[in-house]
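Shown next, in structure tokens, is the structure this report addresses.
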Amino acid sequence: MLWIFGGVMKTDESTEPAIKEEVIVTLAGPFQHGVLFLILQIVSFLHMIPESIIEQIHYYNIVILLFNLLPIYPLDGGKVLLLLQSSIRPYYTALKSTYILSILFCCILSWMQFGIFTFTWSAFILGLFLLLENIRARKELYYTFMRFLFIRFNQAKKRRISVSYVEGSAYLMDVFKQLRRNRSHQFYVCNQMNEHRIVTEQECLDTYFIDYDVTATMTDVSLKK
């Protein structure tokens, strides 16, 4: 897709890649600016292009690199921010906070442009575009999260086991919001009799997507065992 600030590749993922792999792919974009810098150094050493042109290319290369590293989604800096949060926090929380932080950074940069930097229409339109994109993404958070759950439901993948205690009265969606990308979850469900039953993440997803019991509680799922 051609966006206002360049090209963006979007793919319909049917699997959940490892966070480490996604970080490497995301950082490959900024890495090419380093490659371009080395090429310019060689060209400058060989005097193949006038120095004034090389300096201009250096300037724009640095500006584009720094812009792309801003912690604003869907720039590479924003993607890395989401991935780092996803490695230590539940995915829903990471997703929500990434959008909120992106909106906050957009507002700060807009204020800096009016108060500190020289105002330019191109920078203003670009900032406004990113702000509107994150507001839209924030509104569509539920659908993005449901897509994440559906991929987890369809993909059986070995991950490190995470065990936690939940109340039997907790609804499935509340439990799903505790899921982390790099973990498989098991839940100890405590009922009114102070008894504990083990419920796996997959059993919760099966109840939600196969049985279509979207209002089920963890007690309902545990009693099906």
If you go through the range 131-151 one residue at a time, do you hit one that is under 16 Å from Arg181 (Cβ atoms) and either part of a loop (DSSP other than H, G, I, E, B) or modelled with pLDDT under 90 (or both)? no
Qualifying residues in the range 154-207 (those that are assigned to a helix (DSSP H, G or I) and among the polar types (S, T, N, Q)) - the one surrounded by the most Cβ atoms within 10 Å (Cβ to Cβ): Thr207
Residues in the range 118-128: is at least one surrounded by 13 or more Cβ atoms within 10 Å (Cβ to Cβ), under 30 Å from Met173 (Cα atoms) and at pLDDT below 95? no
Candidate set: the range 64-114, residues that are charged (D, E, K, R) and outside any loop (DSSP other than H, G, I, E, B); chosen: the one nearest to Lys177 (Cα to Cα): Lys96
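The values are calculated or read from the model by the stated rules, or taken from the named source; none is laboratory data. Just so it is clear, the structure is predicted and the values come from calculations on it, not from any experiment. A quick note on method: Cβ atoms are made from the backbone with ideal geometry, for glycine too, and the neighbour counts reach across all protein chains shown.
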